[in-house]
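Below is one structure; the comments refer to it alone.
The values are calculated or read from the model by the stated rules, or taken from the named source; none is laboratory data. Predicted model, so just to flag it, every value in this text is computed and none were measured. Glycine gets a Cβ as well: all are built from the backbone with ideal geometry, and neighbour counts include every protein chain shown. Keep in mind that these areas ignore ligands, DNA and RNA; they rest on the heavy atoms of the full protein, side chains included. Shrake-Rupley method; radii C 1.70, N 1.55, O 1.52, S 1.80 Å.
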Amino acid sequence: FVALEPSSPAVPYAFEGLAAALSTRGQENNGETYKALQQAKRSARDQSNRELVEQIQLEIGKALYNQKDYVQAGPVWDQLLQSSTQSPVYEEAIYRSGDALYRRELYAEAITKWTMLVDSVPASSWTRLSLLEIGMTQSGLGQWSAATSTYAKLNQNYPDSAEGREGAFQLIQCAFNQDKISQAVRELLDFSTHYPDDARIPRAADNLLSS
């Protein structure tokens, strides 16, 4: 089809579809996926389809990320932060750029990137994920006070989301890791009140009783 109709508006979508098909065949096809996406991007650019160019660039970053090339993936997404006219693309690009920094163990930089999204687009689903990532990163660094503040904000602002629930549960862990057992018990009771169906409650209670 591409050879017969090289100027067709469907060509970039054809390359994009090829890339999607290749990506399902395992990591050994990551290189071919990347090539197909680059062809899709060139075709979309030739047709002045800016929105599609941005969407494909997002996917190019993912292809590099899947190759564990975090150094190259981050700047691909960062370019979208300067040029994207589409809010969903912009939001996902910030989140993924932060994730690439995290994978490189640049934790402070990753938190800064995610915070950009938290501050600029609070209603985005990527913001909830960013807050959770910030909290988990702070926890991993032993920054319990900062993590507690992050998880509390996450739960307060998004209590009905999966991320908000996880934030509430992590408040128990933060208190426990700071040897604040009474606070951990209060957090567990509050969590049990708001999320009574959570399967982790009995084990958390046992851990607190045995501490």
Surrounded by fewer than 16 Cβ atoms within 10 Å (Cβ to Cβ) and basic (Lys, Arg): is that true of Arg104 in this structure?
yes
Any residue in region 64-83 that's without any contact (Cβ under 8 Å) to a residue 60 or more places away in the chain and on the phi < 0 side of the Ramachandran plot: show its pairings with residues that are among the hydroxyl-bearing types (Ser, Thr, Tyr) and buried (at least 18 other Cβ atoms within 10 Å of the Cβ) at Cβ separation under 6 Å, as long as the two are six or more apart or on different chains.
Ala73/Tyr65; Gly74/Ser97; Trp77/Ser97; Asp78/Ser97
Does Glu54 fit the bill of being out of contact with any helix residue (DSSP H, G or I) (no Cβ under 7 Å at 6 or more places or on another chain) and either open to solvent by less than 20 Å² (accessible area, probe 1.4 Å) or on the phi > 0 side of the Ramachandran plot (or both)?
no
For a quick check of your reading of the model, give me the residue pairs whose first member lies in region 186-205 and is small (Gly, Ala, Ser), whose second is part of a helix (DSSP H, G or I) and modelled with pLDDT of 95 or more, with beta-carbon atoms closer than 6 Å and at least 6 apart or on different chains.
Ser192/Ile201; Ala204/Ile172; Ala204/Leu188
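Give Glu163, Glu133 a once-over and let me know the one that is out of contact with any Asp or Glu (no Cβ under 9 Å at 6 or more places or on another chain), open to solvent by less than 80 Å² (accessible area, probe 1.4 Å) and charged (D, E, K, R).
None of the other options fit; the residue is Glu163.
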